[in-house]
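As structure tokens, the structure follows; a few thoughts come after it.
Since every read-out is calculated from the coordinates, none of them should be taken as a lab result. A quick note: this is a predicted structure, and the numbers were derived from the prediction, not measured. Every residue, glycine among them, receives a Cβ derived from its backbone with ideal geometry; neighbour counts consider all protein chains shown.
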Amino acid sequence: MKNLFFYGTLRHIPLLEIVLGRPAADIALTPQGLADHAALAVAEGPFPCVVEQPGAVTQGLLVEGLSDTDIARLDFYEGSFAYDLRDVTLQGGQRAQVYFPTPGVWTTAAPWDLAEWEKDWAALSCFAAREVMDYFGKYSVTQVGRMFPMIRTRAAAMVNAAQSRHGAGTFDGTVDVQRIDRVYTNFFALNEYQLRHERFDGTMTQVLERAVFVASDAALVLPYDPQRDCVMLVEQLRMGPIARGDTAVWQFEPIAGRVDPGETPQEAAHREAAEEAGITLNSLELVAEVYASPGDSTEFFYIYVGLADLPDKSTGVSGLDTEDEDIRSHLMSFEDLMAMVDTQQAANAPLVIAAYWLARHRDRLRLAPPEATPDVT
């Protein structure tokens, strides 16, 4: 049996319960301090590392009586963050082990604050930890480390889902999820479910088998210049049409990209406009917050029309080399956009939705001065 001292995110009891796989009532916890050390925020992520600092005292939790299984689960979780155990003596005289960062991996910043982290990151971290610990005994620490950016992105989507504004007037029945199997995971994931749900007549269904594609939330924005009455579309190769055998695998669509952890959909829309098309949006108009295909996918879209200045020279080829993006931008008049939609030449659902929204609100946008149209959320 071993004793560990936690100075960082594992002081958040719900997260510790997830990692250890058992309730806090079964865990021996005692507040303690570690002298001559400081917990500092890490610039690369919302978590701390501990460093030697004479005169400082790091407050934390002493967890006693940890089994070999507990340590294996903790090593699996912490190993993804490049941390290793070392022996220390706490202020109370107890001997314990602490996860120290691998030298040179993280860039330290200001002192880390647990309360601030809990406010901004605890929910996301717990969602991410559940997925990470689902892989315990199935994948190596190295494999989970490679997948971790997308694990966090999927966790961010679950945080956003808890704040969804839709659903008024729909049935609030019981859903009994009995089993979830993750049959594939990498950039995306595929889950198989066994569940029962309440019917509209109040009875419960038999156990059903369903599969769902687990993706991230995405922000999509159609740039519109109300002075020139034109829009910007981007064009790129898409896997969906390739896999379906479509004759057109390069698609016209709005600017789009996933909403990163800690980022609002509006921030994502502005960032993607700069990355994919090299343009700056003056403001955003919310078009819709919708599932792409709710019958089989978690993918959720925040769709905007972005007001922008779109001169002829704003088009070109851009995208991030780090993401192997090859994206060409096009300017199109509003009339040509609607002609494309009306003749079923637009095969991208968010583009069609944004075009019809623009048709309804175009007169208002053209009359309003640019400074009078703030970001709408």
Tell me the relative contact order for segment 175-214 as a rounded percent, counting alpha carbon contacts under 8 Å between residues six or more apart.
38 percent
How do the peptides 190-200, 21-31 rank, highest first, by the average count of neighbouring beta carbon atoms within 10 Å per residue?
190-200, 21-31
Given the options T264, T89, T322, which has the most mean-square fluctuation in a GNM of the chain, springs set between C-alpha atoms less than 10 angstrom apart?
T322
Alpha-carbon Rg with Dmax, taken over the chain, Å
24.8, 77
Over the chain, what is the relative contact order in percent, taking alpha-carbon pairs closer than 8 angstrom and at least six residues apart?
12 percent
How high is the relative contact order of segment 2-134, in percent, counting Cα pairs under 8 Å that sit 6 or more residues apart?
33 percent
Would you kindly calculate the translational diffusion coefficient of segment 87-224, applying Stokes-Einstein with the Kirkwood radius from alpha carbon pairs, for 20 °C and a viscosity of 1.002 mPa s, and quote it in µm² s⁻¹ without decimals?
112 µm²/s
Restricting attention to segment 86-194, which trypsin sites (Lys or Arg not before Pro) occupy a DSSP loop and are surrounded by at most 15 other Cβ atoms within 10 Å?
K138, R165
If eta is 1.002 mPa s and T is 20 °C, what Stokes-Einstein diffusion coefficient results for segment 175-214, Kirkwood Rh from Cα pairs, in µm²/s?
195 µm²/s
Estimated [θ] at 222 nm from DSSP helical runs (n ≥ 4, -39500 (n - 2.57)) normalised by residues in the chain, nearest 500
-8500 deg cm²/dmol
What is the Cα coordinate range of segment 217-372 on the first, second and third principal axes, sorted by size from largest, in whole angstrom?
43, 40, 33
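Grab the beta carbon distance between V290 and L85, set R0 = 51 Å, and tell me the FRET efficiency rounded to 0.05. Each step should come with its number before you reach the end.
Numbers: r = 46 Å, r/R0 = 0.91.
For V290 and L85, the calculated efficiency is 0.65.
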